[in-house]
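In what follows, a single structure is set out as structure tokens and then discussed.
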Amino acid sequence: MALEKLGKALNSALKKLARSKTVDEATIKEVVRDIQRALIQADVNVRLVLQLTKTIEKRALEEEPPAGASKKEHIIQIVYEELTKFLGKEAKPLEIKEKPTVLLTVGIQGSGKTTSVAKLARHLQKRGYKVGVVCSDTWRPGAYYQLKQLLEPYGIEVSGDPEEKDAVKLAYKGVEYFRGKDVDVIIVDSAGRHKEESGLIEEMKQISQAIKPHEVILVIDGTIGQQAYNQALAFKEATPIGSIIVTKLDGSAKGGGALSAVAATGAPIKFIGVGERIDDLEAFDPKRFVSRLLGMGDIEGLLEKLEELQKQQAVSEEDLEKFLKGKFNLKDMYAQLEAMQKMGPLKQVLQMIPGLGYSLPDDAVRVGEEKLRRYRIIMDSMTEEELEHPEIINYSRIKRIARGSGTSTAEVRELLNQYNQMKKMFKSMDKRKLAKMAKRFNFGGFGI
Ligand SMILES: Nc1nc2c(ncn2[C@@H]2O[C@H](COP(=O)(O)OP(=O)(O)OP(=O)(O)O)[C@@H](O)[C@H]2O)c(=O)[nH]1
């Protein structure tokens, strides 16, 4: 897996969070410190790390969890969101719009450019495109044979001439050749070596002028870590870089540094190289990448749930009006409980995160869940009238409800106390405060 070491370190920071009994400022700061350490070890630029972790800390301390979510879940969501933003936020897929689409790959020697050209050709072929590959590397004649060897088994044709010394001519002739062959995509591999770097950039510009590519793809070696920033910038200034492939992210300790550095230049990372085989190329999607990195098999599911809850907003505007007029009854409280039951018990939600759920001590979640269950049972034994007008519930009704629900009078009274407290709280609040409170209502009111 790409960036395995970084992933493990981040995952263990979040596991620590899941295991902690309370989530206070100290816990948040510790998690943030662990994340900092993990990123710096992966060669992420210290300034970028500090910016990122400051945002995580600020949000974790200041924001309220969405209704129905616990503080822990919310912090995990924040870490996920900020890391995703850090790596470019949205996926920017390579677009093949015109026929033929011409792609020019550039990059310095040894970056994995030739291998990436072969991988990309195969990737596009698997998606139904007819691909032609042009080798214009006049510095390393071996590149032509390397491409042929990699691609011929898949029936992908390679154009080139190891004897030819004019790279621009080679590129132009190759593109013209494939134009006549009715291909969908032409990928041109350029030389990664020159007497000096300025020569390399100059050649790249000339090839670019000759073949007018739809997109220039820069290949960057992921093992160079944060140095990737300057390299990406230098190429970006010389030619409009449409996309970037960061290679060798398998097993590289510095890959996190390279990925974040490239993202910081604003150039879109479209693919990552994750191995030496032809199929070891992945379309880069920051969201998917971060969820896998954090080792959260089903974080997508968890996030969907949180989003859904945010949409539902435990208490609607209408409800707020009702509460403000003091019309909050047991039925409303029951509806809140129902909403929560639908989303599943807290433990189940936490268990959606592999490695977190089952290491959670039962005691940490049992109280809340158990109490909610009891409240529901008690309310099921109440009449419609009692649910709508809880004030009529006198001692004899309490005894009846306790008997009917198989609970105790103390428990029924506890539920009524809870209800009265909430009602009092709603009455005494102004609307803005109430809206804020409403967000916390589902879990907050029940001591989870
Ligand atoms: N582990 C791993 N190795 C890779 C990856 N991509 C490329 N390589 C290896 O990196 C080395 C250099 O790759 P090439 O594609 O030959 O390099 P190049 O950038 O084309 O070099 P020049 O042709 O000299 O410009 C090869 O041994 C590749 O197998 C990757 O994603 N992971």
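No lab work stands behind these numbers, since they all come straight from the coordinates. Note that the structure is a prediction, hence the values are computed from the model and not measured. Neighbour counts run over all protein chains shown; Cβ positions are idealised from the backbone, glycine included.
Remarks
- Cα point-scatterer Debye curve for the stretch 126-233, base-10 log of I(q)/I(0) at q = 0.12, 0.23 Å⁻¹: -0.44, -1.34
- A simple count of charges around Ala283, restricted to other residues whose Cβ falls under 14 Å of its Cβ and scoring Lys, Arg +1 and Asp, Glu -1, yields +3.
- Taking every lysine pair in the stretch 1-75 that is 8 or more places apart or spans two chains, those with Cα atoms closer than 13 Å amount to 8.
- Compactness of the stretch 101-284 as Cα Rg over 2.2 N^0.38 Å, two decimals: 0.94
- Proximal charge balance of Leu94 [Cβ under 11 Å; K/R count +1, D/E count -1]: +2
- Across the stretch 214-230, coupling constants 3J(HN,Hα) worked out from phi with the 6.51/-1.76/1.60 Karplus curve, θ = phi - 60°, read 6, 8, 9, 10, 9, 9, 10, 6, x, 7, 8, x, 5, 4, 4, 4, 5 Hz, and Gly and Pro carry x.
- Only Cα pairs under 8 Å and 6+ residues apart enter the sum, and on that basis the relative contact order of the stretch 101-284 stands at 26 percent.
- Its alpha carbons give the stretch 4-86 an Rg and a Dmax of 12.1, 37 Å.
- Pairwise centroid distance, computed over Cα atoms, of the stretch 12-56 with the stretch 72-119, Å: 25
- Distant-in-sequence amide H partners of Phe284 (H built 1.01 Å from N, under 5 Å): Phe271, Ile272
- Relative contact order [Cα under 8 Å, 6+ residues apart], the stretch 4-86, whole percent: 28
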